[in-house]
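K.L.:
Here it is, the structure in full.
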Amino acid sequence: MLVFIFLSGIFSLNTVSRQENPELAERWASIQTVYPGASPLRMETQVLEPLEAKLREIYELGEIISFAQQGFSTTVMEIKDEVSPGPSIEQVWSQVQDKLDQSSFLLPPGIK
């Protein structure tokens, strides 16, 4: 039995395809915003909340975490594991870009 398992393992090593540099899907992204002079509370209410509301409309996004500081904020998002790599992930990132474009009208002037 042990010999059979060993031979099966050797056979599968020769038949399983391998890539020298496999392409990995990017499942995480971050957005940084700069609003000079804004307090962390103002960053949260005027920048992060509208951005997060738009991003949460995308079903394929899992966790969305945001941090606010004086005049600066960061939003980190993750694509759910059930989204298959390849074109599906590219479509999700395209949706994220569309939502960011839509939310730019909701943000105060001076945001970078």
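K.L.:
Amide H of A25: which non-local residues (sequence gap of 5 or more, or other chain) have their own amide H closer than 5 Å, using H built in the peptide plane?
P.N.:
Residues meeting the amide H criterion: none.
K.L.:
Which ³J(HN,Hα) values, rounded to whole Hz and listed in residue order, are derived for region 64-80 from phi using the Karplus coefficients 6.51, -1.76 and 1.60 in 6.51 cos²θ - 1.76 cosθ + 1.60 with θ = phi - 60°, glycine and proline given as x?
P.N.:
Rounded to whole hertz, the list is 10, 10, 10, 10, 10, 10, 4, x, 8, 9, 9, 10, 10, 10, 10, 7, 4.
K.L.:
From zero up to wherever the largest Cα-Cα distance of region 25-103 sits, split into 5 Å bins and tell me the percent of pairs in each.
P.N.:
The distribution over region 25-103 is 3, 16, 27, 22, 16, 9, 5, 2, 0, given as percents.
K.L.:
Relative contact order of region 25-103: what whole-number percent is it, with Cα pairs under 8 angstrom and at least 6 residues apart? Walk me through the numbers on the way to the answer.
P.N.:
Working: 112 pairs, mean separation 31.0, N = 79.
Relative contact order here is 39 percent.
K.L.:
Using amide H atoms built 1.01 Å from N in the peptide plane, name the residues 5+ places from F72, or on other chains, whose amide H lies under 5 Å from its own.
P.N.:
Y35
Quick note: the coordinates plus some simple rules give every number you see, no bench work behind them. What you are looking at is a predicted structure, and each value in this text was computed from that prediction instead of being measured.
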